[in-house]
Every structure is written in structure tokens, then in C-alpha cells.
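Reading through the C-alpha cells given below for one structure.
The values are calculated or read from the model by the stated rules, or taken from the named source; none is laboratory data. Bear in mind that the values here come from a model prediction, so they are computed numbers and not experimental data. FYI the Cβ positions are ideal-geometry reconstructions off the backbone, even for glycines, and counts take in every protein chain you see.
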Amino acid sequence: MYDATVYSSIQHYNDNTLNVCLPSTYTFIEKVIDELIAIHQEVGVELTTYHIGADETAGAWVNSPACNALKSSNPKVTSFNGYFIEKVAHMIDSKGIKVAAWNDGLGDTQASNMPKSVQSNGWSMITEGGHKDVHAQANLGWDMVLSTPEVTYFDFPYQSHPEERGNHWASRAIDGFKVFSFMPENLPAHAEIWQTKEQHNYSADDSQHRLTKNVRFKGLQGHLWSEMLRSDRQAEYMLYPRLLALAERAWHRADWQLNYNEKGRVYNQHSNVFTEKHIQNREQDWQRFAALVGFKEIAKLDASGVFYRVPTIAAKVNDDKLDAFTPYPGFIIEVQSKNSEWQAIENMQHNEKINAVRARNHHRIGRSLTIGE
């Protein structure tokens, strides 16, 4: 029977979603999994985890005769997405492979119907109460890998600026300092230091959705969605150098990071758990990290031919004097006066009118900033 459902994916595709109510769908998926296992075996690399995605295409299967028949014959099927994930998860588990999926899709399943070993990638937005979903699935004993979009999605721009490409549905910008400032062990506490994408303060109540004592997250994952990227250079620009800050937070716990409060509490802009002392210690730690990036890691990226992002300058004119700095040291600050060539800021004439400023090193030139922009 013909499925007349009309829908569109987030990428504006239609008719690209497998019908989860057809037996042939699972025959196809099993064939794909078996081929992937064979490919891994051929090169001597064991396939231990397989991420099935599992975020549903909204509106799919609404008018599917097969789905209508399935629901009539099996009243326990309350979510087609959950039905699909449970079936595929057991298929993958039967082959000795751990299933992984996004936490929202896994939220459609019955935990009792899932295999014992599951990886959940928690991408629910922290600024919209996402810590509750992340905590709930971690408490099930599943391996929780943090995929917090406000700080780990590198298809978002470094700065909110027309010349900086990137998506913005979860955050207007993600720079290296924001990634560095992430506190993976205490998600609700970010209500003290973050704002929503609309730049509003928010509150995070952890009193009713606490992590069970001794439950820990499995890890932290960065993401670069490529549907809006057109070249390797663009991909490298979006990844570096902020990927280094992600590695720092994934592999090193700083003294300024807040411990998780197992009793639960409410965090907001006025709760003051992240004290002035924490802020000072974080700033000192950032200066240490930024110096390592600017003086050591950038040179390694240059040597490897990586098209990293040269930082833009923070600049302001105060009393006819230009104050300018870069977030990472090691770059030359250049200025441009009216009808003149670019020159190092040290060579600027007194009271010279400055139109623009930029950073550069021996290999690359950064995006210029118009003074007063």
C-alpha cells in the first residue's frame, strides 16, 4: 500500500526516511551492519560501538498503512521511534556491538526493553533544562557521552558576526574561552556563567533531577556537522584552535571547576556558587592555556598545514589611544590608517586615525575588525 506521508527533514529532504514499520527495513539495516563488521574485520579493527543516530524525522510515517497496521496489531507500540530503536539496538547487541544513539531518541524507548550496554550522547541544551535528560539516562547505567551543543558543536561560529559562518540554533557563538570554561561534571551550574542563545539569563533547578551518587559521565565529544561546509579548509577553520580547548576539558579537571552537588540545588545568575575566586583562578588558568596555544600549538598546526582560525582582535579607542589584544599571544597586531598600508601597531604614529585592526603571523592573516564595529 502507498505511503502518502509528506514530510521534510531538517536539511529539507523528503522521502529519505526508512519506514520503521516495514520488515524489509530491518533486513536492510542488518545487511549494512554485517558489511561494516566485515570491513572492520578485514583491516583487523574490532567494531565495538555503533551509533545509530535515532533522532526521528518529524512527520514521517503519519499516513503509513504499515504503521497503522502495526499500531492496531500491537497496542504496546506507543512510539514508532522507540520501537525502531529497541529493535535495532537488540540486533546490534546480538552481534556483540554496543549501540549508541542520541539521548532524545533513546528517551522514546522503554529502558527495560533495551540491551544492558548502551551509549547515550547527551545533546539536550543545558540552557533549556537539558541536564535533566542527561542525568536521567546516566542514572540508568548507560554510558553518557556529553555532546552539549552550546559548547561542543563546532559548526557554530566563533563569533556572532556576518563574516563568520556557522549555525546558531543553540548558541550565537562558541569561542575557545567558552569551550575552555565548560564544567562537564556539573551541567546545571552553567546557569551562573552562561546565557541562552537569546542572551537571556536562565535558571537551572537540579533539586529533582539529580545524578545518583557515584554516577559519572563516560566522556566528552566534539561535533562538526558538514552539511554547510564545502571544503577541508572550512572544516579545519571550524575545528582549530578551539578543538584544543575541548581536549583540555575532556582530559584535565581544573581546580576552578565546580564539584557536583549530589544534594541538588538551583543555579542562576545570583546563586554565587561560582565565586570571584573561581573566576580569578579560571582566568589565570586560561592565560596559561592560551600561552601554550599561541606559542606552541599554533606552530605545530602551521607545520602540519592546518588551516586554523587566526583570532580576531579585541580593540577599542580610549582617549584617542587604541587598546588592542589577541586572545592567544604570539600574533602580530596590525593597524590600517586611512589610505595607508597595514603596519604593526608599534609603528603607528601618535594620534594617527585608525580604520581597522587585524592579527597575523608569518603564515596567516586574520579577519580585520573595523574600529567602531
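Data overview
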| quantity | calculated |
| --- | --- |
| Residue in the stretch 287-309 that is in contact with a strand residue (DSSP E or B) (Cβ under 9 Å, 6 or more places away or on another chain), at pLDDT 95 or above, buried (at least 19 other Cβ atoms within 10 Å of the Cβ) and of a type outside the set (D, E) present | no |
| The stretch 5-20 residues that are over 18 Å from G82 (Cα atoms), paired with ones that are assigned to a loop (DSSP other than H, G, I, E, B) and aliphatic (A, V, I, L, M) (beta carbon under 8 Å, 6 or more apart) | T5/A60; T5/V62; Y7/A58; Y7/A60; Y7/V62; N14/V6 |
| Residue among G141, G96, G176 that is of a type in the set (G, A, S), in contact with a Lys or Arg (Cβ under 6 Å, 6 or more places away or on another chain), over 25 Å from A58 (Cα atoms) and modelled with pLDDT of 95 or more | G176 |
| Among residues of the stretch 186-226, those that are acidic (D, E) and farther than 18 Å from T127 by Cβ, counted | 0 |
| Total residues in the stretch 150-201, condition under 18 Å from M238 (Cβ atoms), assigned to a helix (DSSP H, G or I) and among the hydrophobic types (A, V, I, L, M, F, W, C) | 4 |
| Residues (within 17 Å of R309 (Cβ to Cβ), part of a loop (DSSP other than H, G, I, E, B) and touching a strand residue (DSSP E or B) at 6+ places or on another chain (Cβ under 6 Å)) located in the stretch 327-349 | F331 |
| Unique match (being of a type outside the set (V, I, T), over 17 Å from Q119 (Cα atoms), at pLDDT 90 or above and surrounded by 15 or more Cβ atoms within 10 Å (Cβ to Cβ)) among Y83, Y7, Y50 | Y83 |
| Criterion violated by E352 - all others in (1) outside any helix (DSSP H, G or I); (2) of a type in the set (D, E); (3) within 26 Å of the chain's Cα centre (by Cα) satisfied | (3) |
